[in-house]
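Quick notes on the structure that follows.
The values are calculated or read from the model by the stated rules, or taken from the named source; none is laboratory data. Just so you know, these numbers come straight off a predicted model, no measurement behind them. Quick reminder, even Gly has a Cβ in these numbers, built from the backbone with ideal geometry, and neighbours come from all protein chains shown. Surface accessibility is based on the protein's heavy atoms, side chains included, excluding ligands, DNA and RNA. Shrake-Rupley method; radii C 1.70, N 1.55, O 1.52, S 1.80 Å.
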Amino acid sequence: MSSITPELIQKCPRCAKDLPPGALECPQCLTLVHGDTMEQLAAHARSLEAHGDLQEARERWLACLPLLPAKSKQAEWIREHARQLELGMHAEQPAQANPQTARPKWAKWLGPLAPIALMLAKFKTFLLAIFKFKFLLSFAAYIGLYWALWGPKFGIGFAVLVLIHEMGHFIDIKRRGLPADMPVFLPGLGAYVRWQAMGVTLETRAAVSLAGPLAGWFAAAVCGLIWHYTGNGLWAALARTSAWFNALNLIPIWILDGGSAAFALSKLERGIVLVVSAALGYALGESVFYFVAAGAAWRLFTHDAPPEPSNSTTAYFVAVLTALGLVMWLVPGHGTGVR
């Protein structure tokens, strides 16, 4: 197995605090000292897995362990994932050596019907695997509530828009090689994706938080385009609802996405978000942007601003906020005819 010896880094790459020799995690901001290297290894490992090279992928994952605190959640997940990859490698070897012996014994008695029976058996296994995901039951309940409130078309459409928002978080987490569960939906309250964020940088947390509103903007834009070409008011209503819902999530308070993203913003950058939000609210006449501005104003007086700014997070935040405002400006808010 190939390994990587962590290089000696004297200052935290995030907050510039002096680090003790051999530190893997900053004691002040909890940033992984070798986070960038680990993300590169994880990306390589995922690519190898996608191409079926489980042995090399396992080595790439294990190479991340010297860069992580031994008891961290990420280290636990990598050890378990490496174990699963090893089991997968052992399972592949007999099948590759002799494909006929990999078939169940009962299939030999079915003669020409064996391929069909094997296909049905695999399909059953696939269905059972799907129904293990608890997000399906919660998503069904979520659809049911909004179906009852707003009718089948808008109810299902709204639930799918929320799903797209949550999958934006999920996909961004998984592409970074971090462990995450599928979304869980809370009818009448919202939804969330549980993931292990221990030790990741503030910028990474912010990027994951903003990935949901970004996906929501994409969904809103698609709905807006469909409305533009069909004239169907349902799509206009869905476009504006998605844009408004995702802008609401950018309010930098508590458990909302904007609240998590704001941890990476300095006082000055929070002021920029305040000004941009207030300007959008004034120009578009949309009250949701005033709520974002109010949240940003409140975060000017909290004591959780990082010592160093994050220009990329500020640009990301402002770009998503502005893009959502553009959808609201282009899609009408009245006369959609939705029932």
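General observations
- Förster radius 22 Å - calculated FRET efficiency between T37 and D181 (Cβ-Cβ, nearest 0.05): 0.25
- Of the whole protein surface, F135 contributes about 30 Å² of accessible area at a 1.4 Å probe radius.
- Shape of the stretch 238-290, Cα gyration tensor, a/c cut at 1.5: oblate
- Heavy-atom accessible area ranking, 1.4 Å probe, most first, across L214, L87: L87, L214
- The stretch 165-317 shape via C-alpha gyration tensor axes, a/c threshold 1.5: oblate
- Judged by the mean number of other Cβ atoms found within 10 Å, the most tightly packed of the peptides 167-173, 279-285, 47-53 leads the ranking 167-173, 279-285, 47-53.
- Hz values of 3J(HN,Hα) by residue in the stretch 309-321 - Karplus curve (6.51, -1.76, 1.60), Gly and Pro given as x: x, 9, 4, 5, 5, 4, 5, 4, 4, 5, 5, 5, 4
- A 1.4 Å probe run over the stretch 236-317, with the rest of the protein chains in place, finds 44 Å² accessible per residue.
- Cross-link pairs K17/K267; K11/K267; K11/K174; K17/K174; K71/K174 - those with Cα-Cα distance over 26 Å: K11/K174; K17/K174
- Computed from the C-beta positions of Y192 and I253, the FRET efficiency with R₀ = 22 Å rounds to 0.90.
- Relative packing of 244-251, 20-27, which averages over residues the other C-beta atoms within 10 Å, highest first: 244-251, 20-27
- Computed from the C-beta positions of A140 and E308 and an R0 of 51 Å, the FRET efficiency is 0.70 to the nearest 0.05.
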